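Worksheet: one structure, shown below.
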Amino acid sequence: MDLQFSKEDLAFREEVRKFLRANLPDRLRDGAKRTPGVFVEPDIGLEWHRILNEKGWVAYHWPVEDGGTGWTPTQKFIFEKELALAGAPALSILGLRLVGPVICKFGTPEQKARFLPRILSGEDYWCQGYSEPGSGSDLASLKTSARLDGDRYVVNGSKMWTTHAHHANWIFALVRTDASVKKQQGITFLLIPMDQDEVEVTPTLSMSGDHEVNQVFFSDAVSSVDNRIGEEGQGWTIAKFLLENERGGSCFAPRLLKNIEWLESAAKEQPSGVNGAVAHDPRFRDKLARVKLDAEALEFTELRILADLAKGRQPGPQTSLVKMLGSNIGQQVDTLRLELLGFDALQLPMERPLYGNEAPEPVGSQAAQTAMGRYLNNRAATIFGGSDEVQKNIIAKTVLGL
Ligand SMILES: Cc1cc2nc3c(=O)[nH]c(=O)nc-3n(C[C@H](O)[C@H](O)[C@H](O)COP(=O)(O)OP(=O)(O)OC[C@H]3O[C@@H](n4cnc5c(N)ncnc54)[C@H](O)[C@@H]3O)c2cc1C
């Protein structure tokens, strides 16, 4: 495995840096920094999405024929690292990383022509309808039904924890089209327009007061048979393809290391109340050093996966490992941020957004204003996309053969 960047890779890195210097507005960078939620809001995310799309870089991981860039895995890593270093808003994964690649792989030519350009342009905003009340980890037990009636499906049931459903005009959903067969075999992958009276979205507020997730109710909602991806009963295969992209689609380490770098520099300024700056507190230094080592080790794991991908090998269960480590290290970083900022981090403003002219005044610093919200929201990172326990089950089964 060669972890050195080639001359071409270094030239590519320079091209990305130059682009970011010229095209990433401070307003968007600032908005992303002052968002305590897991996902940036569309006013920030879509503006950045469109800037990247104009350059042809927004769907860099898609096949070239569908609008991707044809970059090597190393170039993709460099791009993600530079985005993290520049503090660029993280884009919504729902269209670009989840349903987009599904349509590229399983969609008909007509479906590709209809949906992909609108994902690239940001005209369609997607949400993911997998989980239901009672069906999360045991996803295959889902009950939302879709009955074929002529050339359309009639959908009934409810989806839970649906991120950004209140912004979305489309939902990609797993629905049960056959209740008489083995549970995995009766599932179908259906795209459903949200803009109909028979689809109701109700908010679920998180502990921090953020509105990111929702419950979605379908009461005889309809969707054309043309909106079915793949065949009836193929939904479970498609769902697993999508989940692998969700867990291993991008690198965690660059953003973690950027946050750790911030902790290191802020610790030099922040008084500990006992012995100079927090950076002089041996317990804090010890914890910070451990978390940094873990993040660096994760970065090497991610680079190793990229090296495998470059040789045409599939990462497989390593995506579970990376998802689990990345989200756990992220939670440790959030905890250290609270420790570092002390009393100031106990503030939890409920107004949103915390950027722009209407933002409330922070107590202490802007970093302190968002620290508690980030900490609380990011508790979900070890749950969504498959909980830690579920990832451990996958590793136990596929890697350890237990
Ligand atoms: C902020 C947030 C955003 C989300 N966004 C979306 C979204 O956009 N779309 C969507 O479809 N879903 C979304 N989810 C749902 C998420 O995927 C589920 O919460 C997750 O799959 C867990 O399911 P559950 O909540 O039903 O918990 P359960 O499955 O009931 O699990 C409860 C506990 O039991 C443990 N457990 C369950 N099964 C096992 C097992 N076999 N072995 C060991 N332990 C087990 C779990 O690890 C967990 O600790 C989101 C969740 C959150 C918190």
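The values are calculated or read from the model by the stated rules, or taken from the named source; none is laboratory data. Everything quoted here is computed from the prediction, not taken from an experiment. All Cβ positions, glycine included, derive from the backbone under ideal geometry; neighbour counts span all protein chains shown.
Within the range 102-118, the set of residues being in contact (Cβ under 8 Å) with a residue 40 or more places away in the chain and more than 16 Å from the ligand (Cβ to nearest atom) comprises ILE103, CYS104, LYS105, PHE106, GLY107, GLU110, GLN111, LYS112, PHE115, LEU116, PRO117. Given the criteria assigned to a loop (DSSP other than H, G, I, E, B), acidic (Asp, Glu), modelled with pLDDT of 95 or more and closer than 26 Å to THR237 by Cα, does ASP195 qualify? Answer is no for this residue.
From the list PHE252, PHE300, pick out the single residue that is at pLDDT 85 or above, more than 16 Å from the chain's Cα centre (by Cα) and of a type in the set (Phe, Trp, Tyr). Checking each option against the conditions leaves just PHE300. Taken over the range 7-39, residues that are in contact (Cβ under 8 Å) with a residue 40 or more places away in the chain and not in a helix (DSSP H, G or I) amount to 7.
If the requirement is being small (Gly, Ala, Ser) and surrounded by fewer than 19 Cβ atoms within 10 Å (Cβ to Cβ), which of these qualifies: GLY56, GLY37? Before the answer, list the steps.
Working: GLY37 fails: surrounded by fewer than 19 Cβ atoms within 10 Å (Cβ to Cβ).
Just a single option satisfies the conditions, and that option is GLY56.
Considering each residue of the range 387-402, count those that are more than 6 Å from the ligand (Cβ to nearest atom) and either surrounded by fewer than 21 Cβ atoms within 10 Å (Cβ to Cβ) or assigned to a loop (DSSP other than H, G, I, E, B) (or both), and give that number. Full working, then the answer.
If we filter the range 387-402 for residues that are more than 6 Å from the ligand (Cβ to nearest atom), which is where we start, we get 388, 391-392, 394-402.
Among the residues that remain, those that are also either surrounded by fewer than 21 Cβ atoms within 10 Å (Cβ to Cβ) or assigned to a loop (DSSP other than H, G, I, E, B) (or both) are: 388, 392, 394-402.
Qualifying residue count, the range 387-402: 11.
Please go through the range 355-367 and give me each residue that is of a type in the set (A, V, I, L, M, F, W, C) and either touching a helix residue (DSSP H, G or I) at 6+ places or on another chain (Cβ under 7 Å) or within 16 Å of the ligand (Cβ to nearest atom) (or both), ordered by number. Across the range 355-367, the qualifying residues are VAL363, ALA367.
Filter the range 120-134 down to the residues that are away from the ligand (no atom under 14 Å from the Cβ), of a type in the set (Gly, Ala, Ser) and buried (at least 16 other Cβ atoms within 10 Å of the Cβ) and list them by number. Break it down into steps so the answer makes sense when it comes.
From the range 120-134, those away from the ligand (no atom under 14 Å from the Cβ) are 120-124; that's our starting set.
This time we only want the ones that are of a type in the set (Gly, Ala, Ser), so: 121-122.
Across the range 120-134, the qualifying residue is only GLY122.
Every condition in (1) outside the structural domain of LYS323 (by TED's automatic domain parsing); (2) more than 29 Å from the chain's Cα centre (by Cα) holds for VAL274 except the one numbered (1).
Here is a list: THR335, THR382, THR370. Which entry is at pLDDT 95 or above, within 13 Å of the ligand (Cβ to nearest atom) and of a type in the set (Val, Ile, Thr)?
Working: THR335 fails: within 13 Å of the ligand (Cβ to nearest atom); THR370 fails: within 13 Å of the ligand (Cβ to nearest atom).
Within the list THR335, THR382, THR370, the selection yields THR382.
Yes or no, residue by residue, for (1) in a helix (DSSP H, G or I); (2) crowded, with 19+ Cβ neighbours inside 10 Å; (3) assigned by TED's automatic domain parsing to the domain that holds MET194:
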position: THR69; (1), (2), (3): no, no, no
position: GLN75; (1), (2), (3): yes, yes, no
position: LEU98; (1), (2), (3): yes, yes, no
position: VAL102; (1), (2), (3): yes, yes, no
position: GLU110; (1), (2), (3): yes, no, no
position: ARG118; (1), (2), (3): yes, no, no
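Among the residues of the range 191-236, those identified as of a type in the set (A, V, I, L, M) and more than 14 Å from the ligand (Cβ to nearest atom) are LEU191, VAL199, ALA221, VAL222, VAL225, ILE229.
Just one of the listed residues (ARG290, ARG313, ARG337, ARG352) is out of contact with any helix residue (DSSP H, G or I) (no Cβ under 6 Å at 6 or more places or on another chain), in a helix (DSSP H, G or I) and not aromatic (Phe, Trp, Tyr), namely ARG290. If you go through the range 147-169 and pick out every residue that is within 16 Å of the ligand (Cβ to nearest atom) and assigned to a strand (DSSP E or B), you end up with 4.
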